[in-house]
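A.B. asks: One structure, pasted below without further comment.
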Amino acid sequence: MARQYRRSHSVLTFRMMKILGKTRKETLMMKMKDMRTDEERPGGSIRRLWFPVALLSVIFLSRCVTEFVPEISEQKELLVVEALITDQEETYTVRLSRSLPFGKKSDARAVTGCLVTVSDDSGNSYMFREKEAGIYISDSTSFRGQPGRKYTLRINTYDGIRSFSYESSQVEMKPVPVIDTVYYEKTTVKEGVDFMPGIDACSIYLDTHDPANSCRYYRWDFTEVWVLRLLFPVPNIKCWIYDRSAGINIKSTAAFDEDRVSRQPVTYITNITDRLKSKYSIQVNQYSLNEDEYVYWRKLQNLGDEVGGLYDVIPASVPSNLSCIEDPSEKVLGYFSVSAKTSKRLFIKDEFEGIIDRYNDCISDTVYGNGDIPGLGTSVWILIDHPFPSHVRILTDKKGCYDCTVRGTTVRPPFWIGE
Amino acid sequence: MKAGISALILFAGLSFSVAAQDKKLPSALTAGMTFREFASAAQNLLRVRIYYREEWVKDIRTGNYSEDFTLSRILDSLFSGKRLFYFTDRSGNIVVTKDFMVKRIGEVSVADTGVTAPSFAEEPAQDHQVKGNQFILIGNPAERNKPGKGNISGYITNSATHEPVAGASVVEKLLSAGTISNEFGFYSLPLPKGIHIINFSFMGMKEKSANIDLAGTGELNMEMTGVLIPLKETVVSAQKNVVLQRFEAGVEKIDLTSFRLTPTAMGEADIIKGVLLVPGVKSVGEGSAGFNVRGGSADQNLVLLYDAPIYNTSHFFGFFSAVNPDVISDATLYKGGIPGRFGGRISSVLDIKAKEGNMDKFRGNAGISPITAHAMVEGPIKKDTLSYLLAARTTYSNWIFNILDYSSFQRIRASFYDINAGLTWNAGKKDKLEFSSYMSHDAFRLGADSVYRYTNNIQSLRWRHFFSSRFFSTLSANNSYYKYSISNESKTPGSFVLSHQVNSTGLRSDFNWFQGRNEVNFGADLTYYSIHPGSYLPTNESSLVTPHVMPRERALESAVYAEDKFTVTSFFAVNLGVRISSFLTFGPGEAMVYKPGFSKSRSTITDTLTFANGQISSHYGGPEIRLSMNLRTSPVTSVKLNYNRTRQYIHLLSNSTSISPTDTWKLSDYNIKPQTGDQVAAGFYRMWFGNKVESSVEVYYKTINNMADFKGGANMVMNENIIEEMVNVKGKAYGLELALRKQEGKLRFTLGYSYSRTFIRSISSLKEEIINDGKWFPANFDKPNDLSLTVNYLFSRRLSFSADYTYNTGRPITYPVATYHMYDYILIHYSDRNKYRIPDYSRLDLSFRVGGSLRVHKIANPSWTFSVYNLLGRRNVYSVYFRKNGDEIKGYKLSVFGQAIPSVTFGFDF
């Protein structure tokens, strides 16, 4: 009986998605697209439609799609540098790894035992120490970036046989203004009609301006936290869930007379997440960029996930600002980012219609009767345990339904205000 | 007959001596010879020509003469009592006759003398223009002694249909001077005064010759008769020497017969597939629309039908070209040496000439293949005055999809049809009017709810007027319309219809004037474009799509041109032309002004210019030089050189490799400059084995400015500011093309090889727009090695065999070479743009054709074609693509045909 119930629920969810006309993946893609303000145009997905069309047309003729391993001469594992220094008093991280040649699937291979230093234009040099494999951190007490200074990153790798040195170009830290405001707007995706609830979504924007007209190139990212409260009286019922931005959000005001950014989209929250269900908070970080780094991000942003088809976009390699001293032809991936940084936090507690509750799927099975349930192992969790009047236990096979720490933490964040 | 003529005539050198009659021949050199040996010796010694028939003189041997005699003295003695006579023309050339004597010519014309000249033809000619094969006096005899050359000109017509025969070769073999008839069937050939034998030949027509005595400048019209078997079934004669006569390097007459014999995947003859056999022409892959000529992109080809441009040249995902082969009379591809009358595209012109309806009798044909059915009828409405032609083609593939077992095919729909209609009216001796109409339609749906449709429509009216026999004009008006739409008609909030339309109306006038050694062409053309770049509208009430219509673009392209083909000497000719084109765009509209020195994007717009209705918003233009030279280095060789500049004002927005149905046409505007191309080409041509085999070597180098390339991820659809997605690139291409052809006899072949490269380079000063560090990199359609071999063997007129082999280098591709992790993302590292190539392509096709009986007056003449496409079953890679699934990228290759595809086509003529 209860099984039936679950099934009908999933059908409902499916229908809801159909009504939205989008799959979850597409919604996420939309989210990514929204970041790209310059590219925002109606009919944007039409060209993408054509590829499957071409593919299908060919498939029906003889269905000759086979897996293909191209012969690639570039088998070298390239050095990947993820490095950011800011003007905040915090530890800066340089993460070094190796790229994986095409077709190899594994986690990033950390590059250990390197000598990592950042030097500025006044002759100071700061050493990073390896905190864990491939992760090198600075000492926040001795090194803090200063706007106006120029910095160079040097890395010496040693693989036991040979040592290579890599050096970045000299990067100036440009000052960054504070974010004027971060605000949200509730948008109605679909009006509620009769018994069908409406659907709301939330767009978060920011405004900023630089009175000195000097920043010109901006990058933003964010961290978000929201409260999750489970429906069932279980021990870990309330958690804070963290997430980070997953898109590239940049903007140039170089062509404007005034260095001002208005209504810059930060993120778009749809009804298929539970972020807005009770309380949500977002911290937006604003970084200053040099023109070169702006171009780097823009190129990265333009790369698609699917390439090579006759109707797909043409990809290109994205050059880094680091190079190998011993072998200048060797490609280095990643970027040494030098940015001043400011942040602003926003809380949202509002009523949003039509939020899809993924925990509706949680009710999984109901068992009546006294005594122990045979075969009850660790992979089954008890959601509700009513000893009276007759013994009823509601079980689930998903741990997330029973324990909110699967997705978050029960530790209250220090900045959290109120509930 | 042609064998007869070559045996009959011996070559004797190019200079003539009036004193030859009086010169004596040394007896030592003339003793005891056969007549042939003697004639050849005499010709060499006296530098005259001697015409005779081998069988008349085979028993004659010269005696031992005691002293040196003149030639006439020897001939008198040799011919006495043998009923052989001879006469001597003014240059001292000797023509031998049998059974009758020719009076001295020059004083009186042939018609007045009543003397019958010897007939070299095996059968008497029926036409009245050239009676028998007399020595026809051309020109005013009074001019005979004036210095300078004479000129012979006239019209060549088909005796059955009275249509002009275009592209027929007119050759004086001994001088190896010649020309080709133009589209009116007109030819003009300057020759030295005196006796000549002129040969007229054209593919599929009986070769003819005329003996002329050229006194000055005059006319000779010629009717040619088609061979018994209709043209498309077999080739009887080839165009000889044409390759040597043409001015332009890189002009190819597409041989209809061979393209009809060439096997194709679905049993249909196809003009584009014929074009692809030409060296230097490539396609991106099977089933892709369009073709690339000498390293140009697919939109740089002007494809003309009825003198109007076709904006989408394919049907059915590119497997068929848009023009029904039944209506094609001939097709010419200009890879280089583009004449002044053509313009508006950079790379090439494919000029498809349609057939005129038969003026004499009702005819037709019909056929079916696994995918399509076609039928054509033509005939007179009023004999010799008004005729019609109707042709239609359609597919019945939907029916096939239904009966196929796979459920995934059930929702697929793909269909097309095209209709051609034409009326030809001979409005008098001097006027000819033609009205032609073409319509094609494609629709397909592939599983999803979206239906794709596109339509081409052409209406064309042409009026040819003959002011005199050497001055004529063509005036034409045409309209070409192209529309595509994608619609989702489901009752969902997302249902939409997206459409794009191009409408161009052209007016043009062309004048041809033949004056002595000059052929002057001049004219003007005017094209008005109206483009609806895109509209995005809801289809029904349940749709929540916000309607969006992009503003219309309007422009006027105009050009004037003049060119002169000047035959300097019999072995050197020059064609100098200039075309001045101009392009104006009109309001209403807006143009964005971008801040200079910055990448164009919404955020670098500094101003918006608004243009009122009819106000000129931008204009471009300039002269385009077209220069060709042809040097006949020997009777069997020629060298050609040419240079041309071309401009292109309309561009296909496509950031994919092949033309896709969703690509849109865009006019140059305030921000988008026209593309310009410059090409220098040279060619060397040689005929072998009595002109049976022709060979050519051509080289070219070209540069293209303001080529359109796009940033990665560019969105082309409904984009009002497409300039923001464009990067300024320069292109260069060079190559070597070799061809060897034999187009007559039982065994025929075409072997073509080309080595060609195409590179592009980003020239922007902005870092963001630099590709591959600003170095030259191969363009998407750079396929260096390309080999094609077509062999036809005609066992008999009923049975023929054809094999076709193609090999080419795979096209360039950018591979993902590594993945890496950064800031929690999994990123893909790509190789330099187009660093790698997809695997090479090779394919072998075979076909057999069995024709019906040879009787001409049978009611229907059936034929069967059995063909196997991709006989080796090679899985040629059409495309390689990559997908990111989670943190893994997988490569896939896609082949259109994974096995051999047999097909049977049945057709009949009536």
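Read the figures in this text as sums done on the coordinates, not as results from a lab. Please read these numbers as outputs of a predicted model, since none were measured by experiment. Neighbour counts run over all protein chains shown; Cβ positions are idealised from the backbone, glycine included.
A.B. asks: List B:Thr88, A:Thr187 from most exposed to least, where exposure is judged by having the fewest other Cβ atoms within 10 Å.
C.D. replies: Working: B:Thr88 16, A:Thr187 11.
Going from least to most buried by this count: A:Thr187, B:Thr88.
A.B. asks: Let me ask another. Under a 5 Å amide H to amide H cut-off, with H placed in plane at 1.01 Å, what residues pair with B:Tyr594 once short-range neighbours are removed?
C.D. replies: Sorted by chain and number, the residues that satisfy this are B:Thr606.
A.B. asks: Can you give me the distance in nm between label points at A:Ala212 and B:Arg413, each placed 7 Å from the Cα along the Cα-to-Cβ direction?
C.D. replies: The two pseudo-label positions are separated by 6.4 nm.
A.B. asks: FRET efficiency for B:Thr606 and B:Arg36, Cβ-Cβ distance as r, R0 = 60 Å, nearest 0.05?
C.D. replies: Working from the Cβ atoms, E equals 0.10.
A.B. asks: Please report A:Arg229, A:Arg95 as a ranked list, fewest other C-beta atoms within 10 angstrom at the top and most at the bottom.
C.D. replies: Working: A:Arg229 14, A:Arg95 20.
In increasing order of surrounding Cβ atoms, one gets A:Arg229, A:Arg95.
A.B. asks: Please list, ordered by chain and number, the residues whose modelled amide H lies under 5 Å from the amide H of A:Tyr92; skip anything fewer than 5 residues away on the same chain.
C.D. replies: So A:Tyr92 has HN proximity to A:Ser138.
A.B. asks: At 7 Å along the Cα-to-beta-carbon direction for both A:Ser73 and A:Val178, put a label point, then send me their distance in nm to one decimal.
C.D. replies: Placing both labels 7 Å along Cα→Cβ, they lie 5.6 nm apart.
A.B. asks: Separate question: Taking each residue of A:95-102 in turn, how many C-beta atoms of other protein chains fall within 10 Å of its C-beta, and what is the average?
C.D. replies: Partner Cβ neighbours, averaged per residue: 5.
A.B. asks: Across peptide B:808-819, how many C-beta atoms of other chains are within 10 Å of each residue C-beta, on average? The partial results should precede the final answer.
C.D. replies: Working: counts 0, 0, 0, 1, 0, 5, 6, 9, 10, 12, 16, 11.
For peptide B:808-819, the averaged partner shielding equals 6.
A.B. asks: Give, as a single signed number, the net charge of other residues whose beta carbon lies under 11 Å from the beta carbon of B:Pro26, with Lys and Arg counted +1 and Asp and Glu -1.
C.D. replies: 0
A.B. asks: Based on alpha-carbon centroids, what's the gap between region B:579-595 and region B:755-802 in Å, whole number please?
C.D. replies: Their Cα centres are 33 Å away from one another.
A.B. asks: What number, in percent, do you get for the relative contact order of region B:251-909 if the mean sequence gap of Cα pairs under 8 Å and at least 6 apart is divided by its residue count?
C.D. replies: Computed over region B:251-909, the figure is 10 percent.
A.B. asks: Also, I was wondering about something else. Could you derive backbone 3J(HN,Hα) for region B:818-825 from the dihedral phi with the Karplus parameters 6.51, -1.76 and 1.60 (θ = phi - 60°), listing whole Hz in sequence and x where the residue is Gly or Pro?
C.D. replies: The phi angles translate into 7, 10, 8, 10, 8, 6, 6, 8 Hz.
A.B. asks: Then there's this: Can you compute the modelled spin-label distance between A:Glu191 and A:Arg149, with each label point 7 Å from Cα toward Cβ, in nm?
C.D. replies: Modelled inter-label distance: 5.9 nm.
A.B. asks: Further, regarding this structure: Arrange the following residues from fewest to most other Cβ atoms within 10 Å of their Cβ: B:Val850, B:Val680, B:Val717, B:Val57.
C.D. replies: Ascending Cβ contact count within 10 Å gives the list B:Val850, B:Val680, B:Val57, B:Val717.
A.B. asks: So what J values fall out for region A:336-344 if you push phi through Karplus, 6.51 cos²θ - 1.76 cosθ + 1.60 with θ = phi - 60°, rounded to Hz, Gly and Pro as x?
C.D. replies: So the Karplus estimates, Gly and Pro as x, are 9, 8, 10, 9, 6, 9, 10, 9, 8 Hz.
A.B. asks: List the residues whose amide H sits under 5 Å from the amide H of B:Val727, counting only those 5 or more places along or on another chain, with H placed 1.01 Å from N in the peptide plane.
C.D. replies: Distant-sequence amide H within range of B:Val727: B:Asp709, B:Phe710, B:Lys711.
A.B. asks: Let me ask something else about it. Could you work out the local net charge near A:Glu74, counting Lys and Arg as +1, Asp and Glu as -1, over the other residues with Cβ closer than 11 Å to its Cβ?
C.D. replies: Cβ neighbours under 11 Å give a net charge of -1.
A.B. asks: Continuing with this model, one more query. How high is the FRET efficiency between A:Asp397 and A:Asp292 when r is their beta carbon distance and R₀ equals 41 Å, given to the nearest 0.05?
C.D. replies: So the FRET efficiency works out to roughly 0.20.
A.B. asks: In region B:487-545, which chymotrypsin sites (Phe, Trp or Tyr not before Pro) fall in coil by DSSP and have 10 or fewer other Cβ atoms within 10 Å?
C.D. replies: Numbers: sites: B:Phe496, B:Phe511, B:Trp513, B:Phe514, B:Phe522, B:Tyr528, B:Tyr529, B:Tyr536; in loops: none.
When the chymotrypsin sites (Phe, Trp or Tyr not before Pro) of region B:487-545 are filtered for loop state and at most 10 Cβ neighbours within 10 Å, nothing remains.
A.B. asks: Note down the net charge around B:Val377, summing +1 for each Lys or Arg and -1 for each Asp or Glu among other residues with Cβ under 15 Å from its Cβ.
C.D. replies: So the surrounding residues net to -1.
A.B. asks: B:Phe908 to B:Lys692: extension gain in nm, 0.36 nm per residue of separation minus the Cα-Cα distance?
C.D. replies: On the way: separation 216, 0.36 × 216 = 77.76 nm, distance 3.10 nm.
Gain on extension, B:Phe908 to B:Lys692, equals 74.7 nm.
A.B. asks: Also, quick follow-up: Using the beta-carbon distance between B:Tyr65 and B:Tyr753 and R0 = 51 Å, what value does 1/(1 + (r/R0)^6) give for FRET efficiency, to the nearest 0.05?
C.D. replies: So, using R0 = 51 Å, E works out to roughly 0.35.
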